[in-house]
């Protein structure tokens with residue numbers, strides 16, 4: 001184990017150039033993690049909204065508060081990105097778009113689609 | 001637990017659950033866009049409908065299994081010792097079981 005500690009480790013992750021495929025890959029993982037962490041509060045709101053009339057109104061009014069509305073927006077963005085990037089991965093699983101150029105193109109398309117849908121959701125939530 | 005969800009089986013489970021989740025999110029988004037329940041009564045009666053509560057229950061089942069495979073991949077990639085891996089996987093697995101019981105109770109209560 002001590003031989004491992006002496007081997008050099010590349011620390012300059014911030015200085016590398018990342019193609020769209022790399023960004024979408026790590027974003028897919030990060031949003032997955034984020035969505036997982038959002039599960040308990042989401043289930044709690046779900047339960048609250050179904051308990052009774054007061055709970056329903058309480059759940060909706062909480063989502064109107066700016067910080068929670070922002071969190072809702074972030075959560076929905078995470079869902080959209082994870083879903084769209086996931087669809088791209090499923091297509092890759094059935095050998096659709098596997099060539100280097102198609103993979104890069106599909107990554108760019110997914111990023112653009114996520115941006116469009118997220119802006120639409122943002123408009124619906126905040127305007 | 002991890003031995004039953006190793007390799008090909010985990011891969012398959014993750015993909016199949018993803019397909020169901022994707023379909024559910026699509027249908028649910030359309031339903032909410034065109035026929036959003038505005039009052040508590042509408043919301044509750046929508047979820048009390050057997051077709052709805054069944055598909056929602058399946059959605060959560062698929063979601064928790066899908067999350068398990070995904071988080072397990074992350075833990076296996078980044079946790080440096082066997083102790084950490086085991087600890088984290090047990091914690092995550094137990095949390096998912098708890099949430100499954102929670103969601104089950106919620107939907108059972110709505111169906112009454």
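The values are calculated or read from the model by the stated rules, or taken from the named source; none is laboratory data. All of these numbers come straight from a predicted model, not from anything done at the bench. Backbone-built Cβ (ideal geometry, glycine too); neighbour counts: all protein chains shown.
A few remarks follow.
- Qualifying residue in the stretch A:52-66 (condition: within 14 Å of chain B (Cβ to nearest Cβ), outside any helix (DSSP H, G or I) and either more than 27 Å from residue A:120 (Cα to Cα) or over 23 Å from the mean Cα position of the chain (by Cα) (or both)): yes
- Residue A:49 satisfies every condition listed in (1) farther than 22 Å from residue B:41 by Cβ; (2) modelled with pLDDT of 95 or more; (3) surrounded by 15 or more Cβ atoms within 10 Å (Cβ to Cβ) except (1).
- Among (1) outside any helix (DSSP H, G or I); (2) surrounded by 12 or more Cβ atoms within 10 Å (Cβ to Cβ) - the single one residue B:38 does not satisfy: (2)
- Just one of (1) more than 9 Å from chain B (Cβ to nearest Cβ); (2) surrounded by fewer than 18 Cβ atoms within 10 Å (Cβ to Cβ) fails for residue A:77. It is (2).
- Residue B:21 under 21 Å from residue A:39 (Cα atoms), within 9 Å of chain A (Cβ to nearest Cβ), in contact with a helix residue (DSSP H, G or I) (Cβ under 7 Å, 6 or more places away or on another chain) and without any contact (Cβ under 8 Å) to a residue 40 or more places away in the chain: no
Yes/no per residue for (1) free of Cβ contacts under 8 Å to residues at least 24 places away in the same chain; (2) part of a helix (DSSP H, G or I); (3) more than 9 Å from chain A (Cβ to nearest Cβ):
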residue: B:29; (1), (2), (3): yes, yes, yes
residue: B:43; (1), (2), (3): yes, yes, no
residue: B:51; (1), (2), (3): yes, yes, yes
residue: B:59; (1), (2), (3): no, yes, yes
residue: B:87; (1), (2), (3): yes, yes, yes
residue: B:99; (1), (2), (3): no, yes, no
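- Taking the stretch A:108-124 as the range and being within 13 Å of residue A:20 (Cα to Cα) and over 13 Å from the mean Cα position of the chain (by Cα) as the test, the residues that pass are A:108, A:109, A:112.
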